[in-house]
Amino acid sequence: LGIAVKFGRFSQKENNQIRKNIEEFLLITGIDSAEKLLFTSRYPEDKDTINRLKADHLFCEKLSEGIPRPWRLIYYRARKMFDSHNYKGRYSTEEKEKLKKYHALHGNNWKKISELMSRSNLSVAMKYSEIKSAVNYGPWSKEETQKLMHAVEEVIRKRIEKEDGNSLSSSEKSHREISIDREALCHKLPWTEIAAKVGTRFWRQCKQKWTTVLTNKMTKGQQLYRGTKGLQAKINLIKRLYEMKVEDDNEIDWEKLSNAIGDVPKAYVQAKFYKLKVSCVPLWQKKTFSEIIDYLFEEKLPELEEQL
């Protein structure tokens, strides 16, 4: 018969057993505190020694003695019990701002954020999800769009200044600002940082909104994919992809392709191709890239040309 493994809340008896196991392990190894044992990364100078002692004296087994649970759950429980950063009461407004800032920089790296804030991992993760639920899902307000534009502009300007250093004269600099290549406007922008500046939207919402804003700007407000223009653009896209004769979508030069189809960001063309593939090609998941292109060229293209 196997031992029944327990989940759910830890009983008083189990908590006491964890305390006993930890105390015994500290005695055997001479490590001088539970915090050093369970939060070793907070003590970089002792880290190697502690980790060696943990391995030599079978820390996982010792910690789990007398507790019929998966050892990882016991470990999490022990960390919660012995974390000096735990139970620090309410978050001040200042702390909430810090949390937003750190999340913009480090994403969901709660371990890192908990160290920066001197709060437990669990506490910062829970608090962030609470703050985050104030995110807006409705249509973008004028003010939010302005904030987004400023945030992106700031990031790109910083990037260009960093690349150019002081090598350019001021007249060249102002010219350079006008001719930012389109790729810089939509490629690899630090979206979490931008979202933190906007303050009311997730990074993914910001990215999508920016693509829309950019496309509208670049097509001077004409909706590229409406009516006959839309049909023409789809036809061009399928033809170009077919002519490229590539085996894999990683080989496509999307930047070149987007220039050929109309002055739009490449992310926009990629999205359009995805939509075509999903809505027109049956069982596309099971087809290779070249089979998808062939299908669009042979089956869909004549249909689109007829509509046109």
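Quick note: the coordinates plus some simple rules give every number you see, no bench work behind them. Here the structure is a predicted model, which means the values were calculated and not measured. Because the Cβ atoms are built from the backbone with ideal geometry, glycine has one as well, and the counts that use them run over all protein chains shown.
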> What aspartates and glutamates could a cross-link reach from Lys62, if we take a straight Cα to Cα line under 13 Å and drop same-chain neighbours fewer than 8 places away?
Replying inline: Glu23, Glu24
>> Going Cα to Cα from Lys127, which aspartates and glutamates come in below 20 Å? Please leave out same-chain ones fewer than 8 positions away.
In response: Asp83, Glu94, Glu95, Glu97, Glu115, Glu193
> Average projected area of the Cα convex hull of the stretch 227-307, in nm²?
Replying inline: 5.0 nm²
> Going out from 0 in 5 Å bins, what whole percent of all Cα-Cα distances in the stretch 8-142 drops into each bin?
Replying inline: 2, 9, 17, 17, 16, 14, 10, 8, 3, 2, 1, 1, 0
>> Calculate log10 I(q)/I(0) of the stretch 93-132 for q = 0.19 Å⁻¹, where I(q) comes from the Debye formula with a single equal point scatterer on each Cα and nothing for solvent.
In response: -0.40
> Hey, which of these cross-link pairs are over 27 Å Cα-Cα: Lys239/Lys286; Lys6/Lys88; Lys207/Lys287; Lys162/Lys275?
Replying inline: Lys6/Lys88; Lys207/Lys287; Lys162/Lys275
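What FRET efficiency would be calculated for the residue pair Asp46, Ser279, taking the C-beta separation as r and a Förster radius of 41 Å, to the nearest 0.05?
Working: r = 59 Å, r/R0 = 1.44.
Approximately 0.10, to the nearest 0.05.
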>> In Å and on Cα atoms, what radius of gyration and Dmax does the stretch 12-82 show?
In response: 11.4, 35
